[in-house]
Amino acid sequence: MGIHVRVDRTPNPNAMKFTAPRQLFNDRLIVKQGEQVDNPLAQQLLALEGVDNLFGYDDFITVNKTFDAEWDNLLPQIEAVFENFSD
């Protein structure tokens, strides 16, 4: 099934915003690497090496990468999570 998302750069070079055509979160989500979260989408994104933290609300999520991660490597992995996600 998957979720098609629009990817937008942010003023922060370590963050990218992913916007979906539908609601992703009922409440605001703020979670850092190593923290427990009960949202399946957030769990899958945090499992990716190079993801530092997430901020999500309504129809978008902002993914912050670690300083040593490269978007060229991380972005296809993030997009694959959305493409393969079903809830």
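Could you work out the local net charge near ARG9, counting Lys and Arg as +1, Asp and Glu as -1, over the other residues with Cβ closer than 13 Å to its Cβ? Present the calculation step by step, with values, prior to reporting the outcome.
Numbers: positive: ARG6, LYS17, LYS65; negative: ASP8.
So the surrounding residues net to +2.
Using a Förster radius of 22 Å, what is the FRET efficiency between ASP59 and GLU35 based on their Cβ-Cβ separation? Nearest 0.05, please.
The pair ASP59/GLU35 has a calculated efficiency of 0.45.
Among ASP8, ASP27, rank each residue by its count of other Cβ atoms within 10 Å, from fewest to most, as a rough exposure measure.
ASP27, ASP8
FRET efficiency for VAL7 and THR66, Cβ-Cβ distance as r, R0 = 25 Å, nearest 0.05?
0.85
Multiply the residue separation of ASN26 and GLU49 by 0.36 nm, subtract the distance between their alpha-carbon atoms, and state the gained length in nm to one decimal.
Details: separation 23, 0.36 × 23 = 8.28 nm, distance 2.61 nm.
Gain on extension, ASN26 to GLU49, equals 5.7 nm.
The stretch 40-76: which chymotrypsin sites (Phe, Trp or Tyr not before Pro) are DSSP loop and have at most 11 other beta-carbon atoms within 10 angstrom?
Here the chymotrypsin sites (Phe, Trp or Tyr not before Pro) that fit, given the DSSP loop and packing criteria, are PHE67.
Run the helix sum for the chain: -39,500 (n - 2.57) per DSSP H stretch of 4+ residues, divided by residue count, reported at 222 nm to the nearest 500 deg cm²/dmol.
Helix-only estimate at 222 nm: -7000 deg cm²/dmol.
What is the diffusion coefficient of the stretch 27-84 in µm²/s, taking the Kirkwood radius over Cα pairs and the Stokes-Einstein relation at 20 °C with a viscosity of 1.002 mPa s? Please report the intermediate quantities before stating the final value.
Details: Rh = 11.5 Å.
In µm²/s, the coefficient rounds to 186.
What do you get for trypsin sites (Lys or Arg not before Pro) in the chain restricted to DSSP loop and a cutoff of at most 16 other Cβ within 10 Å of the site's Cβ?
Those that pass, being in a loop and sparsely packed, are ARG22, ARG28.
Suppose each label sits 7 Å from its Cα in the direction of the beta carbon; what would the ASN84-ASN14 distance come out to in nanometres?
Here the modelled spin labels are 2.7 nm apart.
Laboratory data are not the source of any read-out in this text; all were calculated from the coordinates shown. These numbers were taken from a predicted model, which means no experiment stands behind them. Glycine also receives a Cβ, built like all others from the backbone with ideal geometry; neighbour counts cover every protein chain displayed.
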